[in-house]
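A.B. asks: I am attaching a structure below and will ask some questions about it afterwards.
Throughout, read-outs are computed from the coordinates displayed, never taken from laboratory work. All values derive from a computational prediction rather than experimental measurement. Cβ placement follows ideal geometry from the backbone for every residue including glycine, while neighbour counts extend to all protein chains displayed.
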Amino acid sequence: MPKVLIIEDDPTIRTAVMRALTDKGYAVAAAHTAMNGLQLAMSEYPDVVVLDLGLPDLDGREVIRMLRAVSEVPVIVATARESEAEIVRSLDAGADDYLVKPFGAAQLDARIRAVLRRAAEPQAEAVIEVGGLRVDRRARQASLDGAALDLTPREFDLLHYLAVRAGTVVTKQELLVEVWQQPYGGADKSVDVHLSWLRRKLGETAQKPRYLHTVRRVGVRLAAPNEPGAPGAPQAPGGPQAPGAPGTPGAPPEPEAPG
Ligand code: CA
């Protein structure tokens, strides 16, 4: 049975959540401070952590970062109010999902099952290589042409998601659902912002893409620079222009570096 670690300082909520999860068949460990929770996260090997963002000893985002430094355990944050900024900060710090208090046992159970499902996805391709890009899922590290990329957890998740699907177009809505885990959308600027940060770290721009190719009004496609169909790649003689490739009349073709 999956083990859930609850980190919550409010004894009423903590007890209620523990009881609800025990009734649903989970093994439960509970902590009332962030420090206690971090200790239990390392000694109890929970499958999921449910983390209250309002703890007396540490800021919730700090707890997420410290958890992330030692474990890939899925983290669901519980917030006292629907604060989009707080939720986005938590998700950016590495949380997997969130719940707004008060939440029911059924909702909590559904979120836990969802993150467990995602965590159980096949780990077959631990390392993905696309051109000079290398994405190591287990180490959560990426490199470009041998140089390590300094990515935030969200940037890594985004790059990994696109790299797994290299060559295919991924919509912003799909990214919101699968990477941001926001099935109701509404924050797709976040996708654009993270894509632009990722581009900068890959040393490219939307205007001069190498790996991250914008597909106008649809989404984005990750492709190696020398793959057919990637803008800037040598076209097969008489080959058709890749669909969705941005037309920039008057722009001269970029000179190829020899070798
Ligand atoms: Ca609290």
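A.B. asks: Where the centroid of each part is defined by its Cα atoms, how far is region 120-180 from region 6-20 in Å?
C.D. replies: 35 Å
A.B. asks: For M42, what charge total do you get from the other residues with a beta carbon under 15 Å from its beta carbon, if Lys and Arg give +1 and Asp and Glu give -1?
C.D. replies: 0
A.B. asks: What spacing in nm lies between the two simple spin-label points modelled at K208 and A27, each 7 Å away from Cα in the Cβ direction?
C.D. replies: Each label point is offset 7 Å from its Cα along the Cβ direction, giving 5.5 nm.
A.B. asks: Which GluC sites (Glu not before Pro) from region 63-99 combine a DSSP loop assignment with at most 11 other Cβ atoms within 10 Å?
C.D. replies: Values: sites: E72, E82, E84, E86; in loops: E72, E82.
Answer in residue order: E82.
A.B. asks: Over region 24-108, what is the percentage of antiparallel beta bridges among all DSSP beta bridges, to the nearest 5?
C.D. replies: In region 24-108, approximately 10 percent of DSSP beta bridges are antiparallel ones.
A.B. asks: Could you list which residues have their amide H under 5 Å from that of V215, counting only those 5 or more apart in sequence or on another chain, with H placed in the peptide plane?
C.D. replies: Here the answer is V220, R221, since their amide H atoms fall under 5 Å of that of V215.
A.B. asks: Among all the aspartates and glutamates, which ones have a C-alpha under 18 Å from K24's C-alpha, if same-chain residues fewer than 8 places away are not counted?
C.D. replies: Cα-Cα hits under 18 Å: D47, D109.
A.B. asks: Taking the highest mean first, how do the peptides 144-152, 33-41 order by number of other beta carbon atoms within 10 angstrom per residue? Kindly include the intermediate steps, with their values, before the conclusion.
C.D. replies: Values: 144-152: 12.9, 33-41: 19.2.
Ranked from most to least packed, the peptides come out as 33-41, 144-152.
A.B. asks: Could you go through region 138-155 in sequence order and give the Karplus-derived ³J(HN,Hα) for each residue, using 6.51 cos²θ - 1.76 cosθ + 1.60 with θ = phi - 60°, rounded to whole Hz, and x for Gly and Pro?
C.D. replies: Going residue by residue, I get 6, 7, 6, 10, 10, 9, 10, 6, x, 9, 5, 9, 8, 10, 6, x, 5, 4 Hz, with x marking Gly and Pro.
A.B. asks: Let me ask another. Rounded, prolate or oblate for region 1-80? Axes are the square roots of the Cα gyration tensor eigenvalues, ordered a ≥ b ≥ c, and the cut-off for rounded is a/c under 1.5.
C.D. replies: oblate
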